[in-house]
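Taking it in order: structure first as structure tokens, then the write-up.
The values are calculated or read from the model by the stated rules, or taken from the named source; none is laboratory data. Owing to the predicted nature of the structure, the values given are computational and were not obtained by experimental measurement. For neighbour counting, all protein chains shown are included, and Cβ atoms are generated from backbone atoms with ideal geometry for every residue, glycine included. We work out accessible area using only protein heavy atoms, side chains counted, and drop any ligands, DNA or RNA first. Shrake-Rupley method; radii C 1.70, N 1.55, O 1.52, S 1.80 Å.
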Amino acid sequence: MSSMNEELRVETGREDEIDLFDLWDDILQEKIWVILGFVSCVLFAVVYALTATPIYESKVVIKPASANSVVELNVPQLSGIYSKTVEEAYADARSSLLSKENRRHFYEAFISEIKSINGLYNDELTLYQNFNEFDKLFSSKVSNSKKDVEEYLQVSLELPDAEKVAQLLNAYAQFALAAKLMDVKDTLESKVRAQIDKYEYDAKQLREKYKGEQTRRNLMVSEAYTIAQAVGQDQPLFSKSEIVGTYEPPLYMFGTKALKAEEKAIKNREKLAKSLPYGEDHFINKLPELLFKIEQLKTLEINYAKVDLAVIDEQAVVPVSAIKPKKKLIVALAGVVGVFAGLMLALIMAAFKRHKEKMKTKIKAQINRA
């Protein structure tokens, strides 16, 4: 009995050992499964590669514009009101192309053209759900200041239509830049209007102050004239050179003749300054300069056609080949997977057959013992 147990342990120990030559023999014996696994995977990969919808990618690149492109936004009339450097303009353009809100507006504006692309619009989803799917097709790459010589922004779009992907991406780049330029225009004009309102308010204050002082002076001169007339002061009592220090003599001492002349001069100011650009306003300190600034801002015309926040360095072009699916890579990987799958099948089938043979042997041994 002990010898039988020993034999069983020896036999079991041999079964637990892995013999590479036995495995190789099993694979050769069941090589049909290796072939079937390889052929099946490769065939499936070929069918997928041929039937899968091709995806095309196109790219557009923008870079900072030249200093001349923002001159219109930095004219002297805008000093202290608005200015834009080349760096700021490029930052505005970059943020506009990366803006999800701008992409949504673009999506809504070009919805009919987007719907014409197969598989790009699902009627069962809402407009915004469809937009979220469309937005995922965009990708971007920003220059690295440590590695790249110059700044740039690359925006990519993937679509199942080679011509449409280039058309839509170019349209989006123009749309985003135009939207930001319009925002710059609105901001600039708002600031100009606000500055004009401030200048006009200041001008009104100066006029009110002038009118008040003029009225007060007229009353004082009229009062002094009455006094001078009452005391018989026709000529000035003393000359200007005779006045010592800061002493201001009463007005009536200048005499009725001088007071009458001053009163007449004040009344004739409007007629005197009639030929001047700003009329009587020239008598008001700082007001002519203020009116000139208002006039300059009101007549300011900016040619936005000359303004470029950024330049499109590379326009999107129609791709010559699809980026997805990568047919050669898929077939190659399928071949590798097929080989491994076939080897596993061959070994499993060989083990199964060996197991069946052992079961038959055991059954026969039991029958013989009986």
Per the filter on the stretch 283-313, residues under 30 Å from I62 (Cβ atoms) and among the hydroxyl-bearing types (S, T, Y) are Y304
One residue is enough: does the stretch 222-237 have a residue meeting the conditions within 30 Å of V75 (Cα to Cα) and open to solvent by less than 40 Å² (accessible area, probe 1.4 Å)?
no
Among (1) under 28 Å from I81 (Cα atoms); (2) of a type in the set (S, T, Y); (3) part of a loop (DSSP other than H, G, I, E, B), which single condition is T187 missing?
(3)
Being open to solvent by less than 20 Å² (accessible area, probe 1.4 Å) and within 30 Å of N303 (Cβ to Cβ) is the filter; apply it to the stretch 162-195 and report the residue that is farthest from the chain's Cα centre (by Cα).
V192
Pairs, please: C-beta under 7 Å, at least 6 apart or cross-chain, first residue touching a residue at least 12 places away in the same chain (Cβ under 8 Å) and in the stretch 193-207, second loosely packed, with under 11 Cβ neighbours inside 10 Å and of a type in the set (D, E, K, R)?
L206/K286
Mind checking which residues of the stretch 138-156 are over 15 Å from R94 (Cα atoms) and at pLDDT 95 or above?
none
Some residue of the stretch 73-95 being of a type outside the set (D, E, K, R) and farther than 30 Å from Q296 by Cβ
yes
With the condition being open to solvent by 70 Å² or more (accessible area, probe 1.4 Å), I'd like the strands (runs of 3 or more DSSP E) fully within the stretch 51-161 carrying at least 1 qualifying residues.
56-64, 138-142
Anything in the stretch 313-333 that is more than 14 Å from L97 (Cβ to Cβ), of a type in the set (D, E, K, R) and surrounded by 13 or more Cβ atoms within 10 Å (Cβ to Cβ)? List them, or say none.
K324, K327
Considering only residues that are within 30 Å of Y172 (Cα to Cα) and among the small types (G, A, S), look in the stretch 272-312 and name the one that is least open to solvent (accessible area, probe 1.4 Å).
A310
